[in-house]
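Please read the structure below before turning to the comments.
Bear in mind that the values in this text are calculations on the coordinates, not laboratory data. Model, not experiment: these values are computed from the prediction. Glycine gets a Cβ as well: all are built from the backbone with ideal geometry, and neighbour counts include every protein chain shown.
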Amino acid sequence: MARKFIGRKFGAIHRSRELAVQFLYSLDVCPEQDFAQSLELFLNIDDVTQNDTPEVKARCRKLAGEVYSRKNEIDAVLIRVVTGWRPKRMLSVDRTILRLMVMEGFMLKTLPVKSAIAEATNLADSFGTKDSTRFVNGVMHNIAKFFEDEEKDEQETNPPE
């Protein structure tokens with residue numbers, strides 16, 4: 001019984017990420033949209049979200065809001081780890097997935113690193129091109145190394161007393 005509950009819970013979390021990717025992608029393609037108004041419109045389109053629970057929609061709102069408000073900070077990380085590919089040169093869907101998973105896995109730390117990488121590659125497989133999964137996987141591994149190195153540097157600079 002508990003297994004089904006866990007499966008449903010993780011399915012709902014994954015669904016909220018899918019919705020966040022779809023919404024953030026649309027915002028990335030048409031940046032002149034009003035964030036709040038567009039998000040509410042998106043989450044109330046019957047053929048897209050009619051079967052989604054209020055909890056899934058609320059989580060999507062939170063994720064999209066976090067990514068949107070910290071986009072420049074996230075892109076600064078991407079610039080440091082992706083050699084030769086500025087965020088603007090990446091495919092919009094790949095960039096959107098990377099932004100979401102950097103936020104959730106490394107800035108908010110709401111899921112383990114391996115889970116963030118796996119979820120990013122799953123999303124890339126669902127929404128990206130045939131090369132997206134490999135690209136996103138490689139970038140996510142570079143991001144994990146970047147944050148690991150940053151944490152080591154911080155510990156060396158500020159050792160516990």
For this session: Confirm whether E73 is surrounded by fewer than 16 Cβ atoms within 10 Å (Cβ to Cβ), closer than 24 Å to P31 by Cβ, of a type in the set (D, E) and touching a residue at least 12 places away in the same chain (Cβ under 8 Å).
Result: yes
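Matching residues to (1) within 17 Å of V21 (Cα to Cα); (2) touching a residue at least 60 places away in the same chain (Cβ under 8 Å):
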{"residue": "G105", "(1), (2)": "yes, no"}
{"residue": "P112", "(1), (2)": "no, no"}
{"residue": "A120", "(1), (2)": "yes, no"}
{"residue": "F127", "(1), (2)": "yes, yes"}
{"residue": "R134", "(1), (2)": "no, no"}
{"residue": "D153", "(1), (2)": "no, no"}
{"residue": "E156", "(1), (2)": "no, no"}
Exercise. Is it true that some residue in segment 50-70 is under 25 Å from D131 (Cα atoms), free of Cβ contacts under 8 Å to residues at least 40 places away in the same chain and not in a helix (DSSP H, G or I)?
Worked result: no
Problem set entry | Test result for V139, closer than 20 Å to T83 by Cβ, crowded, with 16+ Cβ neighbours inside 10 Å and not aromatic (F, W, Y) | yes
For this session: Test I117 against the stated conditions and say whether it is of a type in the set (A, V, I, L, M, F, W, C), farther than 22 Å from L27 by Cβ and crowded, with 16+ Cβ neighbours inside 10 Å.
Result: yes
Seminar exercise, completed: The helices (runs of 4 or more DSSP H) lying entirely within segment 85-161 that contain at least 1 residues which are out of contact with any strand residue (DSSP E or B) (no Cβ under 8 Å at 6 or more places or on another chain) and aromatic (F, W, Y) are 113-127, 132-157
For this session: Return yes or no: is L41 surrounded by 12 or more Cβ atoms within 10 Å (Cβ to Cβ), part of a helix (DSSP H, G or I) and either of a type in the set (F, W, Y) or free of Cβ contacts under 8 Å to residues at least 24 places away in the same chain (or both)?
Result: yes
For this session: Could you please give the count of residues in segment 32-85 that are among the polar types (S, T, N, Q) and over 19 Å from A12 (Cβ atoms)?
Result: 6
Seminar exercise, completed: In segment 15-38, anything touching a helix residue (DSSP H, G or I) at 6+ places or on another chain (Cβ under 7 Å) and outside any helix (DSSP H, G or I) is listed as Q33
